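The values are calculated or read from the model by the stated rules, or taken from the named source; none is laboratory data. These numbers come from a predicted model, not from an experiment. Using ideal geometry, Cβ is built from the backbone for each residue, glycine included, and neighbour counts are taken over all protein chains shown.
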Amino acid sequence: MRLLESDALVVVDVQNDFLPGGALAVPDGDAVIAPINRLASHAPNVVVTQDWHPSAHASFASRHSGRMPFETLALPYGEQVLWPDHCVQGSSGAELAPGLEVPRAGLILRKGTHPEVDSYSAFLEADRTTRTGLAGYLRECGVTRLVLTGLATDFCILWTALDARAEGFAVLLVEDAVRGIDVDGSVGRALETMAKVGVQRLQSQDIEA
Ligand code: VGL
Ligand code: ZN
């Protein structure tokens, strides 16, 4: 298949802290960079997201005394997985991966900036009401279909895909351009959930230059 003017490549959270050696390393996370670079060199629209937390963010286990990373805690807006401190605004861990080549990106969207609310989704924060503006941006650009890539399959990719479908965008998930964290089988469940709402899976090689 070929990409159309109404397609946007969405590159989610390819940041140092999510790569091997990072604070919240996604296993094999750096494997997404090569396929993303190839797609980004010819996609008609490119949007990049960055997880971008203030220090002492509510999603950090270190904020909650006696809590450990990967535990779950009830916060005012719902259940929150607690994470190691990661992607702190302005830190080197929050920078885009040095090998990532996305010079044609029209938008870099930062999310998770509210101290008390997490945001896996690039559309809607975890309170499920605060909007990031991405849906409006994409519509104004004439985008109707997203080509989804990046990290992590079972968190930011999953929630971005679900909200994109709810907003009426078609979604293609590029399997070799995503990797997951996998907390208790969460990658398998994420792929099932996305399939149920009509997210289509393909390989980056299926997309012609
Ligand atoms: C992410 C956990 C915490 C992600 C971000 O990008 O998938 N996961 N913050
Ligand atoms: Zn985060």
**Study point:** Identity of the residue in the stretch 24-60, surrounded by fewer than 20 Cβ atoms within 10 Å (Cβ to Cβ) and within 14 Å of ligand 2 (Cβ to nearest atom), that ends up nearest to the chain's Cα centre (by Cα)
**Key:** Ala25
Exercise for review: Determine, yes or no, whether Pro76 is more than 15 Å from ligand 1 (Cβ to nearest atom) and either modelled with pLDDT of 95 or more or surrounded by fewer than 14 Cβ atoms within 10 Å (Cβ to Cβ) (or both).
Suggested key: yes
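Being at pLDDT 95 or above, away from ligand 1 (no atom under 15 Å from the Cβ) and over 25 Å from Asp206 (Cβ atoms) is the requirement here; does Gly93 meet it?
Considered against the rule, which asks whether it is at pLDDT 95 or above, away from ligand 1 (no atom under 15 Å from the Cβ) and over 25 Å from Asp206 (Cβ atoms), Gly93 comes out as no.
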Check your understanding: Is it the case that Glu167 is surrounded by fewer than 21 Cβ atoms within 10 Å (Cβ to Cβ) and free of Cβ contacts under 8 Å to residues at least 40 places away in the same chain?
Key -> no
Exercise for review: Return the total of residues in the stretch 61-95 being away from ligand 2 (no atom under 13 Å from the Cβ), in contact (Cβ under 8 Å) with a residue 12 or more places away in the chain and of a type in the set (D, E, K, R).
Suggested key: 2
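Has the stretch 39-57 got at least one residue that is within 13 Å of ligand 1 (Cβ to nearest atom) and in contact with a Phe, Trp or Tyr (Cβ under 6 Å, 6 or more places away or on another chain)?
No, because not a single residue in the stretch 39-57 is within 13 Å of ligand 1 (Cβ to nearest atom) and in contact with a Phe, Trp or Tyr (Cβ under 6 Å, 6 or more places away or on another chain).
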